[in-house]
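Engineer: Quick one: the structure is below, questions incoming.
The values are calculated or read from the model by the stated rules, or taken from the named source; none is laboratory data. Keep in mind it's a predicted model, so treat the numbers as computed, not measured. Glycine gets a Cβ as well: all are built from the backbone with ideal geometry, and neighbour counts include every protein chain shown. Note: accessible area is taken over every heavy atom of the protein model, side chains too, but ligands, DNA and RNA are not part of it. Shrake-Rupley method; radii C 1.70, N 1.55, O 1.52, S 1.80 Å.
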Amino acid sequence: MKILKDIWKTFQKPIILLAAFILVLLVVIKIVPAIKESAAEDSPVTKIIVTNNNTYAQGEEIAAGDFEVIAVHKNGAKTAIDTDKVKLSKTTPDPTGSITEVKVSAEGKSCRVKVKNERNKIVTFECGNPDVSAVKAVLYSNGELSFEGVGDILAFTNAEFPWKSYEGDDDYPVKAVTFEETVTPSSMDGYFTDMETLCYVKNIPETVESMVNTFSGCTALTSSPDLTGCNSLYDLTETFSDCISLETTSPIPDTVKNMTGTFSGCTSLKTGADVSNASGVTNADSIYADCIVLNDAKLPPAVQSVESAFEKCINLKSMPEIPETVDYMPSCFAGDISLTTLGVIPQGVLDVGNAFDGCTKIRGILTVNCNPENYNGFLNDTASATSLDLQGDSLVLDVLAATSGQNENITVNGKTPDWEADYNEIMEADAKTDANAETGNKDKAEPQE
């Protein structure tokens, strides 16, 4: 026992000093930071500092936990922010480019951070015109096909563009398309026809004039690129035909003249394109043919031909307004089994053959102001259990009614039609009336002796 006391006396002071040192160290390491952190939390956050050094491939998730987020307080203190308090504006990398900009928000503050996209060159296609090396189509590992360089792009026989038949497309399919501002093609006819993996197009060169079949059959494309800056574009023939996933479209520029079949077969398209400024369009044949879920669409304001424009749009319920400029509309609404609400057929229309063929539910009033030269099948298989009344300035309403096969559900100005009315007789009689009126006017104009 005496030995233990002697040992304690010998080491008492060092042990006490060591204990004190440990206590001070504990205070410095644990307690002081806790106090500072508590004080920092009581101080307002003035900004956040965010870092992320990861590189993201297509299909990978950008997660909140990938970011180091530090709050800077008004008192100068810095504290780490828990992942569950961090919100991101994006959780997937951009389909094009070498970076993705993400807005990171926490503690009422936000910071924009550029994270790296995995984007390595896979193959390059020289396609400049006239200098073949002046423009290159570069396929990157993220699926981006980027047109880079200066000038126009070569045309290829039967639209057999090299990027469409790249043998490595199973490993690196084309998913997105971009054009540098210095790439200036005048025609993009057939550029991406039937490229079923293409789902995003960032931009279209302002110089483009023709886009015939450009994206036809691109079954993964959900949104059309912006065309509003294409001030030389005149032809959109079947540009997006059979894009079965297309849901949104771009407004159509006023320079466009031809929209034949532009959106035909777009079976996911519910609302038609904004054509309010497309005053140059004269042909819109089959523009929305076979758009089976379409329920709202308008025609270009000065269009002339709308043959089969809405054929087999089986969910279209209201007849879009037919502009006064229209003169040709055969099969315009053929097969529209949901069509009920009708409108006006303008005075200048010459062909209404099969215009409402198979529209079994049409009802109410159809105003016809024209005397068409072709009217075969105009009301074939219509108004099977509904009432339809033909009205308007047309001289041949009875003849048009008879195209229904003498359907008793159809009337003319509220009365049973004259099923025996003859088109030629009516028009000849009208011509004689006009001739007599003209002769009478001339006689009246001659001076009396």
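Engineer: Give me the pairs: first residue in region 357-369 and on the phi > 0 side of the Ramachandran plot and touching a residue at least 12 places away in the same chain (Cβ under 8 Å), second residue open to solvent by less than 40 Å² (accessible area, probe 1.4 Å) and among the charged types (D, E, K, R), beta-carbon distance under 9 Å, and six or more apart or on different chains, which are they?
Structural biologist: Pairs found: G358/D336; G364/D389.
Engineer: Follow-up question, since we're still on this one. Of the residues that make up region 244-254, is at least one more than 16 Å from the chain's Cα centre (by Cα), modelled with pLDDT of 95 or more and either in a loop (DSSP other than H, G, I, E, B) or within 18 Å of Y288 (Cα to Cα) (or both)? Working first, answer last.
Structural biologist: First pass over region 244-254, keeping only residues more than 16 Å from the chain's Cα centre (by Cα): 254.
Narrowing further to those that are modelled with pLDDT of 95 or more: 254.
With either in a loop (DSSP other than H, G, I, E, B) or within 18 Å of Y288 (Cα to Cα) (or both) added as a condition, the list becomes 254.
Checked region 244-254: at least one residue is more than 16 Å from the chain's Cα centre (by Cα), modelled with pLDDT of 95 or more and either in a loop (DSSP other than H, G, I, E, B) or within 18 Å of Y288 (Cα to Cα) (or both).
Engineer: Limited to region 258-298, what total is found for residues that are basic (K, R) and in contact with a Leu (Cβ under 9 Å, 6 or more places away or on another chain)? Spell out how you get there, then give the answer.
Structural biologist: Initially, region 258-298 is screened for residues basic (K, R), giving 270, 298.
Narrowing the set further to residues that are in contact with a Leu (Cβ under 9 Å, 6 or more places away or on another chain) leaves 270.
Matching residues across region 258-298 total 1.
Engineer: Restricting attention to region 69-81, does a residue exist that is within 30 Å of the chain's Cα centre (by Cα) and not β-branched (V, I, T)?
Structural biologist: Step one: list which residues in region 69-81 are within 30 Å of the chain's Cα centre (by Cα), which gives none.
Among the residues of region 69-81, not one is within 30 Å of the chain's Cα centre (by Cα) and not β-branched (V, I, T), which makes the answer no.
Engineer: Next question. Just checking, which of S305, S338, S276, S264 is on the phi < 0 side of the Ramachandran plot, open to solvent by 60 Å² or more (accessible area, probe 1.4 Å) and small (G, A, S)? Lay out the reasoning, then the answer.
Structural biologist: On the way: S305 fails: open to solvent by 60 Å² or more (accessible area, probe 1.4 Å); S338 fails: open to solvent by 60 Å² or more (accessible area, probe 1.4 Å); S264 fails: open to solvent by 60 Å² or more (accessible area, probe 1.4 Å).
Result: S276 is the single residue among S305, S338, S276, S264 that is on the phi < 0 side of the Ramachandran plot, open to solvent by 60 Å² or more (accessible area, probe 1.4 Å) and small (G, A, S).
Engineer: Then there is this: Please tell me if A106 is free of Cβ contacts under 8 Å to residues at least 60 places away in the same chain, more than 30 Å from G65 (Cβ to Cβ) and crowded, with 16+ Cβ neighbours inside 10 Å. Before the answer, list the steps.
Structural biologist: Working: free of Cβ contacts under 8 Å to residues at least 60 places away in the same chain: yes; more than 30 Å from G65 (Cβ to Cβ): no; crowded, with 16+ Cβ neighbours inside 10 Å: yes.
Criteria not met by A106.
Engineer: Which is surrounded by fewer than 21 Cβ atoms within 10 Å (Cβ to Cβ), of a type outside the set (A, V, I, L, M), farther than 28 Å from A385 by Cα and out of contact with any strand residue (DSSP E or B) (no Cβ under 7 Å at 6 or more places or on another chain), of P323, P346, P300?
Structural biologist: Numbers: P346 fails: farther than 28 Å from A385 by Cα; P300 fails: surrounded by fewer than 21 Cβ atoms within 10 Å (Cβ to Cβ).
Every option except P323 fails the conditions.
Engineer: In region 32-52, which residue that is assigned to a loop (DSSP other than H, G, I, E, B) and modelled with pLDDT under 95 is nearest to the chain's Cα centre (by Cα)? Break it down stepwise before answering.
Structural biologist: Filtering region 32-52 down to residues assigned to a loop (DSSP other than H, G, I, E, B) leaves 43-44, 52.
Next cut, modelled with pLDDT under 95 only: 43-44.
Values: S43: 48, P44: 44 Å.
Per the stated criteria, the residue is P44.
Engineer: Give region 53-95 a look and list any residue that's crowded, with 18+ Cβ neighbours inside 10 Å and part of a loop (DSSP other than H, G, I, E, B), or say none.
Structural biologist: Hits for region 53-95 are Q58, I62, F67, I81, V86, P93, D94, P95.
Engineer: Determine, yes or no, whether T411 is part of a loop (DSSP other than H, G, I, E, B) and either in contact with a Phe, Trp or Tyr (Cβ under 9 Å, 6 or more places away or on another chain) or not hydrophobic (A, V, I, L, M, F, W, C) (or both).
Structural biologist: Details: part of a loop (DSSP other than H, G, I, E, B): no; either in contact with a Phe, Trp or Tyr (Cβ under 9 Å, 6 or more places away or on another chain) or not hydrophobic (A, V, I, L, M, F, W, C) (or both): yes.
In short, no.
Engineer: In addition: Looking at (1) touching a Leu at 6+ places or on another chain (Cβ under 8 Å); (2) within 17 Å of E307 (Cα to Cα); (3) polar (S, T, N, Q), which is the one condition that is false for T325?
Structural biologist: Among (1) touching a Leu at 6+ places or on another chain (Cβ under 8 Å); (2) within 17 Å of E307 (Cα to Cα); (3) polar (S, T, N, Q), T325 violates only (1).
Engineer: Residue check: is S279 under 21 Å from K361 (Cβ atoms), outside any strand (DSSP E or B) and polar (S, T, N, Q)? Working first, answer last.
Structural biologist: On the way: under 21 Å from K361 (Cβ atoms): no; outside any strand (DSSP E or B): yes; polar (S, T, N, Q): yes.
Spelling it out, it is not the case that S279 is under 21 Å from K361 (Cβ atoms), outside any strand (DSSP E or B) and polar (S, T, N, Q).
Table: residues versus (1) touching a strand residue (DSSP E or B) at 6+ places or on another chain (Cβ under 7 Å); (2) under 30 Å from E68 (Cα atoms); (3) assigned to a helix (DSSP H, G or I).
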{"site": "K116", "(1), (2), (3)": "yes, yes, no"}
{"site": "T124", "(1), (2), (3)": "yes, no, no"}
{"site": "A137", "(1), (2), (3)": "yes, no, no"}
{"site": "S146", "(1), (2), (3)": "yes, no, no"}
{"site": "V174", "(1), (2), (3)": "yes, no, no"}
{"site": "E181", "(1), (2), (3)": "no, no, no"}
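Engineer: Residues in region 219-232: is at least one part of a loop (DSSP other than H, G, I, E, B), touching a Gly at 6+ places or on another chain (Cβ under 6 Å) and either closer than 23 Å to A159 by Cβ or hydrophobic (A, V, I, L, M, F, W, C) (or both)?
Structural biologist: Within region 219-232, not a single residue is part of a loop (DSSP other than H, G, I, E, B), touching a Gly at 6+ places or on another chain (Cβ under 6 Å) and either closer than 23 Å to A159 by Cβ or hydrophobic (A, V, I, L, M, F, W, C) (or both).
Engineer: Quick test for you: out of A159, A137, pick the one residue that is touching an Asp or Glu at 6+ places or on another chain (Cβ under 9 Å), buried (at least 21 other Cβ atoms within 10 Å of the Cβ) and among the small types (G, A, S).
Structural biologist: Going through A159, A137 in turn, just one is touching an Asp or Glu at 6+ places or on another chain (Cβ under 9 Å), buried (at least 21 other Cβ atoms within 10 Å of the Cβ) and among the small types (G, A, S): A137.
Engineer: Enumerate the pairs (first residue in region 69-82 and of a type in the set (K, R); second residue anywhere and in a loop (DSSP other than H, G, I, E, B) and open to solvent by 40 Å² or more (accessible area, probe 1.4 Å)) with beta-carbon separation below 8 Å, excluding pairs fewer than 6 apart on the same chain, so at least 6 apart or on different chains.
Structural biologist: K74/P44
Engineer: Of all residues in region 347-370, how many are over 13 Å from M329 (Cα atoms) and either among the charged types (D, E, K, R) or assigned to a loop (DSSP other than H, G, I, E, B) (or both)?
Structural biologist: The number of residues fulfilling the criteria is 7.
Engineer: D381 - would you say it is among the acidic types (D, E), closer than 24 Å to I337 by Cβ, open to solvent by 30 Å² or more (accessible area, probe 1.4 Å) and modelled with pLDDT of 95 or more? Please lay out each step first, then the result.
Structural biologist: Details: among the acidic types (D, E): yes; closer than 24 Å to I337 by Cβ: yes; open to solvent by 30 Å² or more (accessible area, probe 1.4 Å): yes; modelled with pLDDT of 95 or more: yes.
In short, yes.
Engineer: Confirm whether K202 is more than 22 Å from the chain's Cα centre (by Cα) and more than 17 Å from S264 (Cα to Cα). Quick ask: steps written out before the conclusion?
Structural biologist: Numbers: more than 22 Å from the chain's Cα centre (by Cα): no; more than 17 Å from S264 (Cα to Cα): yes.
Judged against the criteria, K202 is not a match.
Engineer: Residue under question is E209, and the condition is that it be closer than 20 Å to Y140 by Cβ and open to solvent by 30 Å² or more (accessible area, probe 1.4 Å); does it hold?
Structural biologist: Details: closer than 20 Å to Y140 by Cβ: no; open to solvent by 30 Å² or more (accessible area, probe 1.4 Å): yes.
No; evaluated as a whole, the condition is false for this residue.
Engineer: Would you mind finding the one in S264, S276, S250 that is under 21 Å from K202 (Cβ atoms) and of a type in the set (G, A, S)? Even if it seems obvious, please write down each step before you answer.
Structural biologist: Numbers: S264 fails: under 21 Å from K202 (Cβ atoms); S276 fails: under 21 Å from K202 (Cβ atoms).
Unique residue meeting the criteria: S250.
Engineer: In region 185-206, which residue that is surrounded by fewer than 17 Cβ atoms within 10 Å (Cβ to Cβ) and hydroxyl-bearing (S, T, Y) is modelled with the lowest pLDDT?
Structural biologist: For region 185-206, the residue satisfying everything is T197.
Engineer: Now for a separate question. Evaluate the following for D169: is it open to solvent by 50 Å² or more (accessible area, probe 1.4 Å), modelled with pLDDT under 95 and part of a loop (DSSP other than H, G, I, E, B)? It would help to see each step written out before you state the result.
Structural biologist: Numbers: open to solvent by 50 Å² or more (accessible area, probe 1.4 Å): yes; modelled with pLDDT under 95: yes; part of a loop (DSSP other than H, G, I, E, B): yes.
In short, yes.
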